[in-house]
1. Of all residues in region A:123-137 being more than 10 Å from every other protein chain (Cβ to nearest Cβ) and in a helix (DSSP H, G or I), which is nearest to residue A:177 (Cα to Cα)?
2. Of the residues in region A:1-22, how many are away from every other protein chain (no Cβ under 11 Å) and either assigned to a helix (DSSP H, G or I) or without any contact (Cβ under 8 Å) to a residue 24 or more places away in the chain (or both)?
3. Name every residue in region B:1-42 that is away from chain A (no Cβ under 14 Å), in a loop (DSSP other than H, G, I, E, B) and touching a helix residue (DSSP H, G or I) at 6+ places or on another chain (Cβ under 7 Å), in order of residue number.
4. Starting from region A:24-40, keep only residues that are at the interface with chain B (Cβ under 10 Å from one of its Cβ atoms), then list their pairs with residues that are buried (at least 24 other Cβ atoms within 10 Å of the Cβ) and outside any helix (DSSP H, G or I) whose Cβ atoms are within a distance under 8 Å, requiring at least 6 positions of separation or different chains.
5. If you scan region A:53-67, which residues turn out to be away from chain B (no Cβ under 11 Å) and within 20 Å of the chain's Cα centre (by Cα)?
6. Give B:59, B:86 a once-over and let me know the one that is at the interface with another protein chain (Cβ under 7 Å from one of its Cβ atoms) and either within 50 Å of the chain's Cα centre (by Cα) or at pLDDT below 90 (or both).
7. Pick from region A:141-157 the residues that are in contact (Cβ under 8 Å) with a residue 24 or more places away in the chain and facing chain B (nearest Cβ under 9 Å): which of them is nearest to residue A:173 (Cα to Cα)?
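The values are calculated or read from the model by the stated rules, or taken from the named source; none is laboratory data. Given the structure is predicted, the values throughout are model-derived calculations rather than measurements. Every residue, glycine as well, gets a Cβ built from its backbone with ideal geometry; the counts of neighbours run over all protein chains shown.
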């Protein structure tokens, strides 16, 4: 996620709807992707995305630029997604609800590359399902958003060593999963 | 310092794979992997099972319905947002007023402290009178009474102001009230 111009943030913080829409357009796919990966289903991801932007719009006037806007946005997104995950407590072991995964069924029009890509999406979602929510949040921020340990620690407000150990446990779990033939 | 395979595997599931090691530590790991087949196989397995699948993960697009929903809530909540803006303004004003109150309180405390320092306490005055000053005051009083006695004997004006009371005793004025108080 790229940093947004400060003047757009200031304009949005003063209630400018056009500036806020620019922020939305620039960041909504990142927010939605994180929400989708962490919650594991589209309905929750849409609700989380909506909640995140409403919260951002309301709280932006209090934002003092002490931390970067993207760090704040990641934090709000991850917290909302984790809350949604814990709240719904869905027992969907191995169940995949992603749009993209459903699209794999239509093999007639899909190219080989597209099938490969959709297969990978389904695989990633199943891998994330195997992790607990805290590990999932770390893996999503690291592997999908490409954040450094320090940035993940800032977003989640946890020590770097905790980031490190969550990533280690997550990868050990994914390795064990593959060795048990679930990859 | 050479690392054992256990320590190496901790790095292989986190810092090494994520590019978080400095050059020296990274060189140590590379050197170890060149000579240790098991660790090399472990590293390949971690990459295959827990890293590579995420490399091909793509952003998911947030459905258009999310923005429509956000915009609808913002439209409905205009009144609430205005109230929120007013509340923020009041909070800021209250914050300024608090600072003014704090400054005024500090000024009062400093003023009281200055008065206390300038005017010695009764206890300290008594303590002073009980020591060296008593001698000086005693001498002064004696001098005044001698003057009065001279006035009584000679009918002449005394150098000190003195009034005769109705019972014939003399009350002596040592100056202003403040001077008497300080003496």
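1. That would be A:129.
2. Our first condition is that a residue be away from every other protein chain (no Cβ under 11 Å); within region A:1-22, this holds for A:2-12, A:16, A:18-19, A:22.
Now restrict to residues that are either assigned to a helix (DSSP H, G or I) or without any contact (Cβ under 8 Å) to a residue 24 or more places away in the chain (or both): A:5-12, A:16, A:18-19, A:22.
Adding up the residues that qualify gives 12.
3. Within region B:1-42, B:3, B:36 qualify.
4. A:28/B:62; A:29/B:62; A:31/B:62; A:32/B:62
5. Within region A:53-67, A:67 is the sole residue that qualifies.
6. Details: B:86 fails: at the interface with another protein chain (Cβ under 7 Å from one of its Cβ atoms).
Only one candidate qualifies: B:59.
7. Within region A:141-157, the first condition is being in contact (Cβ under 8 Å) with a residue 24 or more places away in the chain, and the residues that meet it are A:141-142, A:144-145, A:147, A:151, A:154-157.
Next cut, facing chain B (nearest Cβ under 9 Å) only: A:142, A:144.
Details: A:142: 16, A:144: 18 Å.
Looking at the filtered set, the residue picked out is A:142.
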